[in-house]
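For reference, the structure discussed in these notes is given below.
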Amino acid sequence: MATTLTTGRPWRVILAFAVPLLIGNVVQQLYQFADTIVVGRHLGVDALAAVGATGSLLFLLLGFAWGLTSGFAIPTAQAFGARDEAGVRRSVASGVILTGATTLLLTVGAPLIARPVLMLLQTPAELLDDATIFTQVSFLGAGATMFFNYLAAIIRAIGDSRTPLVFLTLACGLNVVLVVGFVGVIGWGVAGAALATVVSQAVSVLLCLQFVRRRMPVLHVRRADWRVSRTDLAEHLRLGLPMGFQASIIAIGTLTVQVALNVLGADAVAAYTTASRVDSLAVALLQSLGLAVSMYAAQNLGGRRPDRIRRGVVQAVWMSVFASLALGVLLVSFGTQMVRVFIGDGSDQVVHLAHLMLIINGVSYSALGVLFVLRGALQGLGHTLVPTMTGVIELVMRVAAAVLLGAMVGYPGVVLSNPLAWLGAAALLIPAYIRVHRRLAAMPIAPELATETTPIAVIGPTDGSMVVDAVITQSIPAVTSAQARRSART
């Protein structure tokens, strides 16, 4: 029997939903780990630095795409929580249309601007050619990234966080094989590393499509559903664009950091790149909890359970704090050994600088964990202004720290830009969520949703279980997703 996120103890539901996301984020980082290890050991430190020099630019556009598709899934989760099957299908159709349009723009336009932008970022001359090739290949495969992110998002929106993990794991295994073959055997250089990731993600898209077709009829779009209204598209853009812009705003800050690093030389770029691979793994663990809270809040908003939202968010904050402390201790204690995995023996200066970044970030993870949880809760409730403003604050803090502190103390000053940005954003989010928390206390509760039920056949899991031909007991629709959104804004 599959369950939704609107029943059960909040912390257990969130944790059970977050664990596959956590593992999935770890697996997704292995794409980059494989690239980094193979490139660093087979092609050398300069090639590693060239790949690292592309990170901010790729994050600027592909991060926008990730945020956009995650936002498109929020109306799907709200409709599913409200037991509105027609609303789920319309939401899926709207998301597919908008994802396709964004993919077209990225695939056509981004490769053309790759080299000029990298030059504008003052990428070192010895790194420019490889950085351009890696960026162009990655952007040409943007469609695979876009549609996997969207398909994974809508599958999670109806409560299944395990299936995307399965496909990510399979794709990651393929990526490891391909990157070794393309780079180490065939000798395609950094282009081979980028191509391996694109091909692996394309395979994961095909697996997701096949799974949805066979086991998730609730996501099957009918012919009539494709006639989406402007209102449907506008609602998805209202939630998707701020999340995309938020990621891009943060990426602009990282671009500034990249410029500051480029000025400091190849060792600084290589150290930051290597440390970022380890750091991104830790960040992914905290980010998964924030995404779980977002889907949890969206479903419970649709189900008119503000009491569950209040309890769940508070419990998730405590979980994020404990996880942050554990991660910080791990990186501070074993950061050097983790860095050595990527670059092997030698390059002691690079190892020292990379470990310094892990120490500075590691002691600041509590602020980042709270940031992810509260921002995810507000996004799941349909709020867009405050989460977007936190991105602006992160931009201002990161740019100011990278420029001013970088000029004053060099590499340590640039690294400090990350925790300062997290603290600045959390300072806005905490009081903003407290106000929403109090408003939720005044909203009506619909406990009848937990008892008045109508069985609706769903082939396949909605809570992430691998049970086939399960039947989910759905509640009688008591509120539409549009009504839920209006309630959240009042």
Kindly indicate whether any position in the range 225-234 is part of a helix (DSSP H, G or I), under 30 Å from Val45 (Cβ atoms), among the hydrophobic types (A, V, I, L, M, F, W, C) and open to solvent by 20 Å² or more (accessible area, probe 1.4 Å).
-> no
Report yes if Gln258 is over 17 Å from the mean Cα position of the chain (by Cα) and either farther than 21 Å from His437 by Cα or modelled with pLDDT under 85 (or both), otherwise no.
-> yes
Identify all residues within the range 384-428 that are small (Gly, Ala, Ser) and either open to solvent by 20 Å² or more (accessible area, probe 1.4 Å) or touching a His at 6+ places or on another chain (Cβ under 8 Å) (or both); write none if there are none.
-> Ala400, Ala407, Ala427
Determine whether Arg89 is modelled with pLDDT of 80 or more, at positive phi and either open to solvent by less than 30 Å² (accessible area, probe 1.4 Å) or part of a helix (DSSP H, G or I) (or both).
-> no
The listed residue being at pLDDT 80 or above and either surrounded by 24 or more Cβ atoms within 10 Å (Cβ to Cβ) or within 14 Å of Met357 (Cα to Cα) (or both), out of Gly240, Gly253 | Gly240
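Of all the residues that make up the range 239-275, how many are among the β-branched types (Val, Ile, Thr) and more than 30 Å from Phe334 (Cα to Cα)?
Within the range 239-275, residues that are among the β-branched types (Val, Ile, Thr) and more than 30 Å from Phe334 (Cα to Cα) number 2.
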Check every one of the helices (runs of 4 or more DSSP H) wholly within the range 389-447 and list those with 2 or more residues that are at negative phi and of a type in the set (D, E, K, R).
-> 417-441
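Listed here are the residues, each with its yes/no results for (1) touching a residue at least 60 places away in the same chain (Cβ under 8 Å); (2) not β-branched (Val, Ile, Thr).
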| residue | (1), (2) |
| --- | --- |
| His355 | yes, yes |
| Val363 | no, no |
| Val370 | yes, no |
| Arg375 | yes, yes |
Which of the following residues is surrounded by fewer than 20 Cβ atoms within 10 Å (Cβ to Cβ) and farther than 30 Å from Ala79 by Cβ: Ser347, Ser333?
-> Ser333
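Residue-by-condition table, conditions (1) of a type in the set (Val, Ile, Thr); (2) in contact with a Phe, Trp or Tyr (Cβ under 6 Å, 6 or more places away or on another chain); (3) open to solvent by 10 Å² or more (accessible area, probe 1.4 Å):
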{"site": "Ala266", "(1), (2), (3)": "no, no, yes"}
{"site": "Val283", "(1), (2), (3)": "yes, no, yes"}
{"site": "Arg304", "(1), (2), (3)": "no, no, yes"}
{"site": "Gln315", "(1), (2), (3)": "no, yes, yes"}
{"site": "Trp318", "(1), (2), (3)": "no, no, yes"}
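The values are calculated or read from the model by the stated rules, or taken from the named source; none is laboratory data. Quick caveat, the model's predicted, so the values are computed rather than measured. Cβ atoms come from the backbone with ideal geometry, glycine included; neighbour counts cover every protein chain shown. Heads up: the accessible areas ignore ligands, DNA and RNA and are worked out on the full protein's heavy atoms, side chains in. Shrake-Rupley method; radii C 1.70, N 1.55, O 1.52, S 1.80 Å.
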